[in-house]
Amino acid sequence: MIAVEDLTKIYGNRAALDRVSFEVPEREIFGFVGPNGAGKTTTLRILAALLEPTAGRAFIDGSDVTRDREKVHTRIGYMPDFFGVYDQLTVGEYLDFYAACYRQPKQRRRKIVDDLLALVGMTERKNQQVDSLSRGLKQRVCLARALVHDPAVLLLDEPASGLDPRARVELREILRELQGMGKTIIISSHILPELTELCSMIGIIDHGRMRATGPVHEVIARLSSGRRLHIRVLDEKDAALEILAPLPAIRHVEAVNGTIEAEYDGDERTASDILLALTQAGIRVSSFAPVDGGLEDAFMKATSEEVG
Amino acid sequence: MNVATRALWNPIVAKEYRTRMRTWRSPLAITIYIVLLGGIGWAVFAALTVSATGFGQGPGSLGQMLFTFLILFQVALLAFITPALTAGAISGERERQTLDLLFVTPIAPFSIIWGKLLASMSFIALLLMISVPIFSLVFLFGGIELDQVISAFLVTAVTAMTLGFIGVAFSTVLRRTLAATVASYGAAFVLLAGTLLWGTLFPTEVDASVTTQSAPPAITLISPVIPLLTIATNLPVTGYGVRYKNVNNSGPAILNSSGGGQQYCMASPNGGVMCQSTTSTTPGFFQTNSVTAIPSGLFKGWQYWQANVVMQLMISLAALLFSALMLPPVRRFHLRRRRAPAPQAE
């Protein structure tokens, strides 16, 4: 559905994007992660045909974003990292204006606006001035605006930025619903736990280079610094540490706030061997839990060193 | 909806109408406009009727004088209002961060500009329409025909349109509304006064012995002031934009006007040239049969207002095309050669 090939954008002597490539299949939610200035917005603006790449190509549903701009615009819903609202317009008028811009027939626009307001849970705000809405509600209106022409692809630039936890949860639910409706979504964010829960694919970008891309669990597995165990024992913590430290599978072990954190190389069988070693030594284990390194760990690894 | 209708009437126009008329600024601007125009009309009328020496040519001349003051004041007012209306048209969208949102819709950049212009020009048209009752007062005194009013309003409307198009062009190029506004007011000053100044500094040089009349440089006709004066007074302008060489100091030289009658030119005490025709009643103007036709130059034989309208329309068209070329986020042409170095991030 979305294909990016060696996308490069140079401003002056600085490469904002350096041969960025990735693909997003249909109906997937692709999380675009990276620190500020990494190139996320530049990539999304190129995909929205608002910026011309210096080199490389990008396709939305088979249409080249630099050659078939009009076609691309009918296929995408773009939500930038700012609201972009007009004074003096109500929520209903605001959405109706953009629906008219997308050449929706007048008789259909009322239904489109009502349906979208129902989708984002703002039916009762239809006659409220857009400018008077809270940040979270404005964000929902902007999401509705991006959907007025029922696009197949959504490009969302930092949609959760500045939202309170409740608004984030609600936004996440709306995005899940959109995915269920068959939309392909690219969402840029730096709020990693949310992306882990929401996205099926991920791309980590830093300094204009794509450091890692693929299904979330694969990227995490590839970049995590090793498997971890959280172990709780009754009384014999020092003895447990003495047993664990010499084991060949253990890379690092330490006690943190009453819990033993062990990093090891291996699989689930290795973990069971470690547990067996403790119990055979007479250590009474009250809790033994493998811990996933997570996206945060993968992100830190990806953005702190070169990844091949 | 066909392509032409879609280009001329788009959602931006409707949105602009709605948002513009919902603020307090529009009614206030209309009120101030009417009060000022009515005020100047009343002041001129009072001054002319009270002063027996200032004007004593009968009610027809009174109407002509009132019309002259009103139409020039109206142009000056519009020169203040139009840049304020249009200079923020595109830069305002940019500052509100709504321009990108329009670019990702199927609306063409030209339609965005056209929508903005149409909305602004509609407001100007509204101002012109509500000024009609004030202008109709001059018909009470006579001296002004309907065709003069129509011509004067046409010149005024085209002037406002030109200033509007220039304002939008600056708004497209300059990112900030403040900068665009300052540039638009500068352009308005150049259009209205700068071109007249050109005629004073660089007039058409004519030998005094030449027996035909001469017109000021064509560039001075970009300003609506001279065309409006010729429309209101029904007299051509003399003593402006033309410098006579080899003037006979011993006596006046007789110039044959193109429409009959005679014109006398002689050196004035301040070193300039003073011309007077045999039929003239007002110093600085002379009466001929083809009174307001341009006697020489690029627009020879045209009416002053016709030349003005044509030149302003050309400027408007140039400003419109420039705006349409500069607005798109991804242009089809590049002013500078694109650099294509091998990308290497640090």
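The values are calculated or read from the model by the stated rules, or taken from the named source; none is laboratory data. Remember, predicted model here, so these are calculated numbers, not experimental data. Every residue, glycine as well, gets a Cβ built from its backbone with ideal geometry; the counts of neighbours run over all protein chains shown. Just the protein is used for accessible areas: all its heavy atoms, side chains included, with ligands, DNA and RNA removed. Shrake-Rupley method; radii C 1.70, N 1.55, O 1.52, S 1.80 Å.
Report yes if some residue within segment A:146-167 is of a type outside the set (A, V, I, L, M, F, W, C), crowded, with 19+ Cβ neighbours inside 10 Å and modelled with pLDDT under 90; otherwise report no.
Checking segment A:146-167: at least one residue is of a type outside the set (A, V, I, L, M, F, W, C), crowded, with 19+ Cβ neighbours inside 10 Å and modelled with pLDDT under 90.
Considering only segment B:172-212, how many residues are within 27 Å of B:Val149 (Cβ to Cβ) and in contact with a Ser or Thr (Cβ under 8 Å, 6 or more places away or on another chain)?
Within segment B:172-212, residues that are within 27 Å of B:Val149 (Cβ to Cβ) and in contact with a Ser or Thr (Cβ under 8 Å, 6 or more places away or on another chain) number 7.
Tell me, please, whether a residue that is in a loop (DSSP other than H, G, I, E, B) and of a type in the set (Ser, Thr, Tyr) can be found in segment A:158-167.
Scanning segment A:158-167 turns up at least one residue that is in a loop (DSSP other than H, G, I, E, B) and of a type in the set (Ser, Thr, Tyr).
Within segment A:15-36, does at least one residue satisfy the condition of being in the same structural domain as A:His149 (by TED's automatic domain parsing), surrounded by 21 or more Cβ atoms within 10 Å (Cβ to Cβ), more than 23 Å from A:Ile191 (Cα to Cα) and of a type outside the set (Phe, Trp, Tyr)?
Yes, the conditions are met somewhere in segment A:15-36.
Across segment A:41-72, which residue is farthest from B:Pro109 (Cα to Cα) among those that are open to solvent by less than 10 Å² (accessible area, probe 1.4 Å) and within 7 Å of another protein chain (Cβ to nearest Cβ)?
A:Ala48
Residue-by-condition table, conditions (1) open to solvent by 70 Å² or more (accessible area, probe 1.4 Å); (2) under 30 Å from A:Leu192 (Cβ atoms):
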{"site": "A:Val256", "(1), (2)": "no, yes"}
{"site": "A:Thr259", "(1), (2)": "no, yes"}
{"site": "A:Asp265", "(1), (2)": "yes, yes"}
{"site": "A:Glu268", "(1), (2)": "yes, yes"}
{"site": "A:Leu276", "(1), (2)": "yes, no"}
{"site": "A:Arg284", "(1), (2)": "yes, no"}
{"site": "A:Pro290", "(1), (2)": "yes, yes"}
{"site": "A:Glu296", "(1), (2)": "yes, yes"}
{"site": "A:Lys301", "(1), (2)": "no, yes"}
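Return yes when A:His217 is part of a loop (DSSP other than H, G, I, E, B), at negative phi and either crowded, with 21+ Cβ neighbours inside 10 Å or not polar (S, T, N, Q) (or both) and no when it is not.
Taking the combined requirement at face value, the residue does not satisfy it.
Limited to segment B:107-134, what total is found for residues that are modelled with pLDDT of 90 or more, open to solvent by 30 Å² or more (accessible area, probe 1.4 Å) and either over 22 Å from the mean Cα position of the chain (by Cα) or not assigned by TED's automatic domain parsing to the domain that holds B:Thr82 (or both)?
The total comes to 0.
Suppose we filter A:Gly92, A:Gly56 for residues that are modelled with pLDDT of 90 or more and part of a strand (DSSP E or B); which single one remains?
None of the others qualify; the one that does is A:Gly56.
For every residue, the table says whether it meets (1) outside any loop (DSSP other than H, G, I, E, B); (2) of a type in the set (Val, Ile, Thr).
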| site | (1), (2) |
| --- | --- |
| B:Leu101 | yes, no |
| B:Thr105 | no, yes |
| B:Ser111 | yes, no |
| B:Leu140 | yes, no |
| B:Thr156 | yes, yes |
| B:Gly164 | yes, no |
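Being in contact with a Lys or Arg (Cβ under 7 Å, 6 or more places away or on another chain) and within 14 Å of another protein chain (Cβ to nearest Cβ) is the filter; apply it to segment A:95-129 and report the residue that is most open to solvent (accessible area, probe 1.4 Å).
Checking each candidate, the answer is A:Asp96.
Of all the helices (runs of 4 or more DSSP H) wholly in segment B:176-247, which have at least 2 residues that are open to solvent by less than 40 Å² (accessible area, probe 1.4 Å) and polar (S, T, N, Q)?
B:177-189, B:225-233
For the subset of segment A:69-88 comprising residues that are at pLDDT 90 or above and not in a strand (DSSP E or B), which member is farthest from A:Ser188 (Cα to Cα)?
If we take residues in segment A:69-88 being at pLDDT 90 or above and not in a strand (DSSP E or B), then A:Lys71 is farthest from A:Ser188 (Cα to Cα).
Residues in segment A:1-15 that are at pLDDT below 90 and at the interface with another protein chain (Cβ under 10 Å from one of its Cβ atoms): how many?
Going through segment A:1-15 one residue at a time, the tally reaches 4.
Considering segment A:168-209 alone, what residues qualify as being touching a residue at least 40 places away in the same chain (Cβ under 8 Å), surrounded by fewer than 17 Cβ atoms within 10 Å (Cβ to Cβ) and not in a helix (DSSP H, G or I)?
A:Gly182, A:Ser200
Testing A:Gly84 on (1) within 9 Å of chain B (Cβ to nearest Cβ); (2) touching a His at 6+ places or on another chain (Cβ under 8 Å), one condition comes back false. Which one is that?
Evaluating A:Gly84 over (1) within 9 Å of chain B (Cβ to nearest Cβ); (2) touching a His at 6+ places or on another chain (Cβ under 8 Å) leaves (2) as the failure.
Filter segment A:130-140 down to the residues that are in contact (Cβ under 8 Å) with a residue 12 or more places away in the chain and open to solvent by 60 Å² or more (accessible area, probe 1.4 Å) and list them by number.
A:Asp131, A:Arg135, listed by residue number.
Among A:Thr66, A:Thr90, A:Thr74, which is of a type outside the set (A, V, I, L, M, F, W, C) and more than 17 Å from A:Ala146 (Cα to Cα)?
A:Thr66
What are the residues in segment A:105-164 that are closer than 30 Å to A:Phe59 by Cβ and of a type in the set (Gly, Ala, Ser), if any?
Those that are closer than 30 Å to A:Phe59 by Cβ and of a type in the set (Gly, Ala, Ser): A:Ala144, A:Ala146, A:Ala152, A:Ala160, A:Ser161.
In segment A:160-182, is there at least one residue being within 14 Å of another protein chain (Cβ to nearest Cβ) and of a type outside the set (S, T, N, Q)?
No, segment A:160-182 contains no residue that is within 14 Å of another protein chain (Cβ to nearest Cβ) and of a type outside the set (S, T, N, Q).
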